[in-house]
Amino acid sequence: MSPKKSKKGFSRRKFLKNGLSIGIGTAGSAGMLSSCAKSEKKESGERIRVMTTDGKLVEIDAAQLHELEDVVSHEEARTGDPNREYVMVIDLAKCRNARICVDVCQRMHNLPPEDEWIKVFYMQDSEDTAPYWFPKPCFHCNSPSCVNVCPVGATFKRLDGLVLIDNERCIGCKFCMAACPYSSRVFNWREPEIKDTMKDHHGAIETGVPQKVGTVGKCDFCPDMARMGKLPGCIEACPNGVLYYGDKHEDLVSNGTETVRFSDLIYERAGYRYMEELGTRPSVYYLPPVNRSFDPEVGFKDLPDEIRERYDVERSKIKKETR
Amino acid sequence: MKVTMHTYNKYYRKASLILLFFFILLIVGHRSSAQNDSPLRLYLDIMSYQNDSGVELRSSVRARIGENRKILPVEGLSIDFYNLTDTTETLLGSVTSNSEGVASLFIEGYKGLQWDEEEGYLFMASFQGSDRFRKGSKDLSVRQAEINIGFEEVDSIKMISVQAFEINPLASEKIPLDDITVSFYVKGSFSLYRIGEEDLEDGVCAVNFPVSLPGDETGNLTIIAKVEEDDDYGYVEGSAIKDWGVVKLPVIPEERRGLGDTDAPLWMVYTLIFLLSAVWIHYIYVFIVVYLIKRDSRAR
Amino acid sequence: MKIDSATLNALERFAPQLNTASLLEKVLFYIMMVFVLAGFPALYIQHFEGHYVTGMRDNVFWGVYIVNFIFYIGISYAGALISGILYLLKVEWRKPIIRIAEMITVISTILGPIYILLCMGRLDRLHHLIIYGRIQSPITWDVIAITTYLIGSIIFLYLATIQDFAILRDWKGLKVGKWRHAWYRFFAVSYQDTPRQRQLVHRGLTIMSIIIIPLAVIVHSVLSWIFGMTLRPGWHSTIFAPYFVVAAVFSGTGVLIIAMWVYRKLYKLEDIITEKHFRYLGIILLVLGALYGYFTFAEYLTNWYGSEKWELELIYKLFDLNEFGWMFIFAAFVGVLLPIIIIGVPYFRSINSISFASLIVVVAMWVKRYIIIIPTLETPLLPMQESRMEYVHYSMTWIEWILTISGLAVFCLFFYLYSKFVPIIPVSESADLVGNPNGAKGKDGDIPGEQNKNK
């Protein structure tokens, strides 16, 4: 028989119960507590919501997310680990265009708002098919057109499957942008504004921070986070667990809350790759939007006008079928 | 159930207590809003994570800060961990909370801890208070427990078996745990993959080994068995490695010549050399012609 | 070297070109200088503010600079065609115009890559192309091909000019500064017009004219593969290489005709560059126009007939009058049919009308390059929902306008300055074609200078 719990000072259950009544009480006195408290250490003033691996939604200072120093040699950063093969699975049934993945990625990599490394599209394949939200990071293709055409080898495919950009070598010819059929790449048309917290970053292939003017940038699957054993920022940020990430060699992918076997997930949910016929062999798999968690219209609620009008143009285009 | 005066009074007392509490809070909150800088209340909690090398005390600190007044983790606060007995309060260490508001202290081998027969180990995490945050503390009692993982093959079915004990450090006895759920995981690069969950019966339970999961070059998989969030034992974890997974031979990267590699395919190299030579040989010939023109004049 | 009387005659005729400038020339010179100088502040601004000052954004990331690049490299075919092929065929009437043709090649092969440099994000890393160059990339092919082609054209131009340098060096009657004499002496490499030297020059020219033809074909094919090797609608076409080659010859011939017309008027060369030249080149232009029209038709018919989603989206964008419709009509119909009619129908044929048709051709080819590049970039495979609304359509900013016009002015300016340095009609070859400048001109239909031949 296990020892029975005896009277304790302040058990967790009691705490919860009292906490509830405290909560009600403070809810009643809403608006009375001040909001000027700052944390003791440095902050960038920007707090973003991040979901932890326990599934809790926390807000942390944006500056803290990208503290990894450049710990790998240039050679290692260009080669990667041959025993890993990173893969991402995106569940289209759960996406509602919350765009938290976009925000977190932009904050982590110090990107201006017009540069999105992960993009969310509103797709409707044809007039009568149902629309869906389509988050699209870089596909890190296994036959990457962008790598083939780079004249200086500034973009390269690593042994662990990632396609990265060395923005010390890039000459800004933008040929990779022409070659990529998925519009994954963005260009730094002007000098990026570097936040004070990121000023001491000297830039490394694996962090992608800071970006350099006149060079190309794109989603990099956060290899610096992988070195810390952490999932990329967008994976952790998604409040609906849409994005899964993992190592194909281990056959495990995780969305920050649950971990599943990659092969099982693809088999059960009929995973596919986007535009397979182009032959680029992406590393990102999609799960079709069956048994959706949200109606696609939910994705338009509370959208800033500037973002909403981008989708409106496409929406009006889809409605009229050509010929 | 008959509603007696006794029960009625009990509820009435509870209700009025709550109401009174509410009013006090209203006044307190109102007053503290007048002074913007009054210290904020901290939500402090403490949890224990036990494994075979010791116990980790983890405290997470939050407060209601920011414009949305959501409950957010607070960084940079110094949390003191104590080991309590009826009479003493031993400071085990002070840790500053990190960016996620977590401060953790690892006590190796349960060394130097006082143990109480009834309550087990009594720990307390406290914050001494500062200009911004009020002081707070929380305590926790934890009984020492241990999980041992073993592997056995029963009727050619590979199983993971677990033995879980509570440990009485003074008497060095091991009491098998009962009726507690153990979750089984395989360790992945980024997360833990859950492979099963069983209740302990007489301190023992077992689950099938995931033989279809790929391991490393010898098929090694790291199995983790956890008791999660138990009232008496907190989190208890045990791990072991076994090579019953699918063997995944290491990939030896070979030098490749292709469109996407550093080195071009050989036929491309040869074609380029051929074409360039064909053209430049003619240029060199023309340079020679010009030189000959000059030399011809000098000869005359 | 001994200068015979016919050559002296020609030299005296051309002397004013070399050391004086008429009022018209002065005015044109100053206008061009203004436009050239206007380019410098634009360059400065672009360098310091970044490419953000252009109209290029993440969707249309190759804009008018690349259009200009393709256009100028396309024009450069003039030299290869006229000088190279006609030299090998030993056609007599090519003689007055070869230098004009070769100069077009050299200047445009220099100017074109300058536009590429304007489009590159990091000019400070240009050397990476050499130390890290990957030969799997079409851009590397392009760099190698264009450099080789430029050097080849310069060699060809030089070889064809050696004799004239020698003549200018030895002509006592030339009234130019001492430094110019020094240059002539340097470039003439002690050419004394001995039979052996003449033979060497002839051999060099033959070799170069043989080499330059496949070289030009390679250059334009490689240029087209920068687009052809991508997976975009309108670009991933198998006939892009021959299409670009034909378009290049077409536009090159057009520029040649315009240049001929300009020099004819400017230096009063009516008896040397005659209606015959315009007619023959016009017929070449007509044939090429038909060929180019054929390629265009085949390309768009195939794309329209098939049902592929993005190809059709692009085609409808090209046919839509609100989008690129007018430009498409101008480039594909007006630019092809008008010259064919003007030149093909003898009634319409005249020097001025042929030149006007060439002007239409050249402008239409610029518009055609624009039509190849910009609409495809505005039709990506994934909807353009990630960028701001104002970035969806491309429009040129004032910086791009200025730099385009400035580039054109640079082209004209350098061409003009060259014609002041060396006579634009090769004196050594066409001395006997030069008639008496004070006497009657030959009738239309005559090969000029025939009436002066003693044989």
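Data for the structure
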{"quantity": "Average beta carbon contacts from partner chains per residue of B:260-268, 10 Å cutoff", "calculated": "5"}
{"quantity": "In Å, descending, principal axis extents of the Cα set of region C:192-298", "calculated": "56, 35, 21"}
{"quantity": "Equivalent ellipsoid semi-axes, region C:169-238, via Cα gyration tensor eigenvalues times 5, rooted, Å", "calculated": "45, 19, 7"}
{"quantity": "Computed Kirkwood radius, in angstrom, where 1/r is averaged over Cα pairs of region C:80-151", "calculated": "14.4"}
{"quantity": "Fraction of accessible area attributable to carbon and sulfur, chain C (%, probe 1.4 Å)", "calculated": "69"}
{"quantity": "Compactness of chain C as Cα Rg over 2.2 N^0.38 Å, two decimals", "calculated": "1.03"}
{"quantity": "Residue with peak Gaussian network fluctuation, chain B [Cα springs, cutoff 10 Å], from B:Leu272, B:Leu213, B:Leu19", "calculated": "B:Leu272"}
{"quantity": "Where a label projected 7 Å from the Cα of B:Asp52 along Cα→Cβ would reach, residues of region B:125-146 with amide N under 12 Å", "calculated": "B:146"}
{"quantity": "Solution diffusion estimate, µm²/s, Stokes-Einstein, region C:330-409, Kirkwood Rh from C-alpha pairs, 37 °C, viscosity 0.692 mPa s", "calculated": "214"}
{"quantity": "Solvent-accessible surface (1.4 angstrom probe) belonging to C:Trp398, in square angstrom, nearest 10", "calculated": "150"}
{"quantity": "Dimensionless Rg/Rh of region C:3-117 - Kirkwood Rh, Rg from C-alpha atoms", "calculated": "1.12"}
{"quantity": "R0 of 41 Å, Cβ-Cβ distance A:Glu193-A:Glu268: FRET efficiency to nearest 0.05", "calculated": "0.35"}
{"quantity": "Values of log10 I(q)/I(0), in the order q = 0.28 Å⁻¹, for region B:239-300 under a Debye, Cα-only, solvent-free model", "calculated": "-1.09"}
{"quantity": "Simple label model, 7 Å out from Cα along Cβ direction - B:Val204 to C:Arg196, nm", "calculated": "10.9"}
{"quantity": "Contour excess over end-to-end distance, with Cα ends at C:Tyr305 and C:Thr238 and 0.36 nm allotted per residue", "calculated": "22.5 nm"}
{"quantity": "Computed E for A:Phe294/B:Lys70 - FRET, C-beta separation, R0 25 angstrom, nearest 0.05", "calculated": "0.60"}
{"quantity": "Positive-end extreme of charge dipole, the protein assembly as shown - chosen from B:Gly219, C:Ile213, C:Tyr300 (charges on Cβ)", "calculated": "C:Ile213"}
{"quantity": "Ordering of B:167-175, A:308-316, B:50-58 by packing [mean C-beta count within 10 Å, highest first]", "calculated": "B:50-58, A:308-316, B:167-175"}
{"quantity": "Per residue solvent-accessible surface (Å²) - the protein assembly as shown, probe of 1.4 Å", "calculated": "46"}
{"quantity": "Protein accessible surface hidden between B and C, which excludes ligands and nucleic acids, total in Å², probe 1.4 Å", "calculated": "2300"}
{"quantity": "Interface area, B with A, accessible, probe 1.4 Å, both sides summed, Å² nearest 100", "calculated": "5200"}
{"quantity": "Near-label residues of region B:204-245 by backbone N, under 14 Å of a point 7 Å along Cα→Cβ of B:Thr181", "calculated": "B:226-231"}
{"quantity": "Shielding of B:105-118 by partner chains, average beta-carbon count, 10 Å", "calculated": "0"}
{"quantity": "Farthest positive-ward along chain B dipole, Cα basis, beta-carbon charges - from B:Leu177, B:Val207, B:Ile46", "calculated": "B:Ile46"}
{"quantity": "Of B:Leu192, B:Leu122, B:Leu140, the one that fluctuates the most in a GNM where chain B has Cα springs shorter than 10 Å", "calculated": "B:Leu192"}
{"quantity": "Most fluctuating residue given options B:Asp116, B:Asp261, B:Asp216, as computed from a GNM of chain B linking Cα atoms under 10 Å", "calculated": "B:Asp261"}
{"quantity": "Estimated FRET transfer efficiency (C:Leu8, B:Ala278; beta-carbon r; R0 35 Å; 0.05)", "calculated": "0.25"}
{"quantity": "Paramagnetic reach from C:Ile45 (point 7 Å along Cα→Cβ, amide N under 12 Å) across region C:383-415", "calculated": "C:397-403"}
{"quantity": "Value of D in µm² per second that Stokes-Einstein yields for chain B, Kirkwood Rh from Cα pairs, at 10 °C (1.306 mPa s)", "calculated": "61"}
{"quantity": "Whole-angstrom Cα spans of the protein assembly as shown along principal axes, big to small", "calculated": "141, 63, 59"}
{"quantity": "Region A:191-293: C-alpha gyration tensor shape, a/c 1.5 cut-off, then a/b vs b/c", "calculated": "prolate"}
{"quantity": "Simple spin-label estimate for C:Lys265 and B:Trp267 in nanometres, 7 Å along Cα-Cβ", "calculated": "5.3"}
{"quantity": "Descending semi-axes in Å of region A:80-297, equivalent ellipsoid built from Cα gyration tensor", "calculated": "27, 19, 18"}
{"quantity": "Cα gyration tensor shape for region C:1-57, rounded if a/c is under 1.5, else prolate or oblate", "calculated": "prolate"}
{"quantity": "Distant-in-sequence amide H partners of B:Phe133 (H built 1.01 Å from N, under 5 Å)", "calculated": "B:Leu40"}
{"quantity": "Protein accessible area in region A:80-297, 1.4 Å probe - carbon and sulfur %", "calculated": "48"}
{"quantity": "Accessible area buried, both sides summed, chains C and A with 1.4 Å probe, Å²", "calculated": "4400"}
{"quantity": "Contour excess over end-to-end distance, with Cα ends at C:Lys90 and C:Arg388 and 0.36 nm allotted per residue", "calculated": "101.4 nm"}
{"quantity": "222 nm mean residue ellipticity, helices alone, for chain C (DSSP H n ≥ 4; -39,500 (n - 2.57); rounded to 500)", "calculated": "-22000 deg cm²/dmol"}
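The values are calculated or read from the model by the stated rules, or taken from the named source; none is laboratory data. The structure presented is a predicted model; accordingly, all values stated were derived computationally and were not measured. In this analysis, Cβ positions are derived from the backbone assuming ideal geometry, glycine residues included, and neighbour counts consider all displayed protein chains. Accessible surface areas use protein heavy atoms only, side chains included; no ligands, DNA or RNA. Shrake-Rupley method; radii C 1.70, N 1.55, O 1.52, S 1.80 Å.
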